[in-house]
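Asks: Quick one: the structure is below, questions incoming.
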Amino acid sequence: NAGVTQTPKFQVLKTGQSMTLQCAQDMNHEYMSWYRQDPGMGLRLIHYSVGAGITDQGEVPNGYNVSRSTTEDFPLRLLSAAPSQTSVYFCASRPGGASNQPQHFGDGTRLSIL
Amino acid sequence: KQEVTQIPAALSVPEGENLVLNCSFTDSAIYNLQWFRQDPGKGLTSLLLIQSSQREQTSGRLNASLDKSSGRSTLYIAASQPGDSATYLCAVDQRPSGSRLTFGEGTQLTVNP
């Protein structure tokens, strides 16, 4: 199993550009999430999904969109990039059901907005 | 709003030392608490998960305890090694679905040979 795969690993954008961060998992996990990690602020939840067709907002959703058309994929879209969105983005997944299963994280996408 | 605090922010120890990392949280209504390890430029790796009904979990040289009523958890690392150098993060889960983790900022550990 590849686990959680994020692409690209690095990206530089100009203010106002749009892009999609890809996340795919091959473990048939129901639950998937997007976090951003910033110095001094830890990891913060952006959006999450408890299954195909179901998404909800986390702590810092503004400026981001998500969709979940398949169990495997959970892309994160930046609509109009802003310098404040410069961050490291992590995708995570875990099985559904009981709360005794740990989260699996991808290696992250490092995004710079100029 | 749940807040998670980790102390100390950074720790440097000689190889072989036993050490304790601390995590505290403000809302005791949690389903589980997880400890993660993050290496530079990498994602998070789950080390231990303690369910709210449990008091501790052990894996090799690692032992994590949970006192839900007081809002505290500790991660004990025995006989530390240079390979243990990393940032250690704790996170609490307030939904049974496990889809909403609240993280601390982490403890950056350096184990010197």
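Asks: Output needed: percent of Cα pairs per 10 Å distance bin for the range B:1-41, bins running from 0 to the one holding the longest distance.
Replies: For the range B:1-41, the binned pair fractions read 19, 47, 28, 7 percent.
Asks: Here is a further query. How large is the accessible surface per residue of chain B, computed with a 1.4 Å probe and reported in Å² as a whole number? Please list the in-between numbers first.
Replies: Details: 5210 Å² over 113 residues.
About 46 Å² of surface per residue is accessible.
Asks: Hey, any idea what % of chain A's accessible area is carbon plus sulfur with a 1.4 Å probe? Intermediate values should be presented prior to the final figure.
Replies: Numbers: 2530 of 5070 Å².
Whole-percent figure for carbon plus sulfur exposure: 50.
Asks: If you take the accessible area of A alone plus B alone and subtract the pair, what total do you get in square angstrom, rounded to 100, with a 1.4 Å probe? Please list the in-between numbers first.
Replies: Values: alone 6030 and 6190 Å², together 10280 Å².
Using a 1.4 Å probe on protein heavy atoms, the buried area is about 1900 Å².
Asks: Answer with one residue from A:6, B:5, B:33: the one whose Cα lies farthest towards the positive end of the charge dipole of the protein assembly as shown, charges on Cβ with Lys, Arg +1 and Asp, Glu -1.
Replies: Result: A:6.
Asks: What is the sum of charges, Lys and Arg at +1 and Asp and Glu at -1, for the other residues whose Cβ falls under 14 Å from the Cβ of residue A:29?
Replies: Details: positive: A:68, A:94; negative: A:26, A:30, A:72, A:73.
So the environment of residue A:29 carries a net charge of -2.
Asks: Could you calculate, for the range B:23-67, the ratio of the Cα radius of gyration to the Kirkwood radius, expressed as Rg to Rh?
Replies: Numbers: Rg = 11.7 Å, Rh = 11.6 Å.
Dividing the radius of gyration by the Kirkwood radius yields 1.00.
Asks: Given the protein assembly as shown reduced to its alpha-carbon atoms as identical point scatterers, what log10 I(q)/I(0) does the Debye formula return at q = 0.16 Å⁻¹?
Replies: -1.11
Asks: While we're looking at this one, here's another question. List the residues of the range A:1-45 whose accessible area drops by at least 20 Å² when all protein chains are present, compared with their chain alone, using a 1.4 Å probe and counting only protein heavy atoms.
Replies: Buried by the other chains: A:31, A:35, A:37, A:40, A:42, A:43, A:45.
Asks: Please state, as a whole number in µm²/s, the translational diffusion coefficient that the Stokes-Einstein equation yields for the range B:67-113 at 25 °C and 0.890 mPa s, with Rh defined as the Kirkwood radius across alpha carbon pairs. All intermediate terms of the calculation are to be shown ahead of the outcome.
Replies: Numbers: Rh = 12.8 Å.
The estimated diffusion coefficient comes to 192 µm²/s.
Asks: Any chance you could tell me what percent of the C-alpha pair distances in the range A:53-114 go past 20 Å?
Replies: Values: 672 of 1891 pairs.
More than 20 Å apart: 36 percent of the Cα pairs in the range A:53-114.
Asks: Let me ask something else. Can you run the Rg to Rh ratio on chain A? Use alpha carbon positions and the Kirkwood inverse-distance Rh.
Replies: Values: Rg = 13.4 Å, Rh = 14.1 Å.
When Rh is taken as the Kirkwood radius, the ratio is 0.95.
Asks: How much area per residue is accessible in the range A:54-114 when the probe is 1.4 Å and only protein heavy atoms are counted (Å²)? Walk me through the numbers on the way to the answer.
Replies: Numbers: 2550 Å² over 61 residues.
Each residue of the range A:54-114 exposes 42 Å² on average to a 1.4 Å probe.
Asks: Nearest 5 is fine: what % of DSSP beta bridges in the protein assembly as shown come out antiparallel, could you say? If you can, show how the numbers build up before the last one.
Replies: Details: 73 of 82 bridges.
Around 90 percent antiparallel, to the nearest 5.
Asks: Once you list every other residue whose beta carbon is under 15 Å from the beta carbon of residue B:87, what net charge do they have if Lys and Arg are +1 and Asp and Glu are -1? Could you put the intermediate results ahead of the total?
Replies: Working: positive: B:37, B:42; negative: A:38, A:107, B:39, B:84, B:105.
Here the charged neighbours net out to -3.
Asks: Okay, next question. Quick one: Cα convex hull volume of chain B, Å³ per residue?
Replies: Values: hull volume 10.7 nm³, N = 113.
So the per-residue Cα hull volume is 94 Å³.
The values are calculated or read from the model by the stated rules, or taken from the named source; none is laboratory data. Predicted, not measured: the structure shown is a model, and the values here were computed from it. Cβ sites come from the backbone with ideal geometry, for glycine too, and all protein chains shown count toward neighbours. With ligands, DNA and RNA removed, areas are computed over all heavy atoms of the protein, side chains included. Shrake-Rupley method; radii C 1.70, N 1.55, O 1.52, S 1.80 Å.
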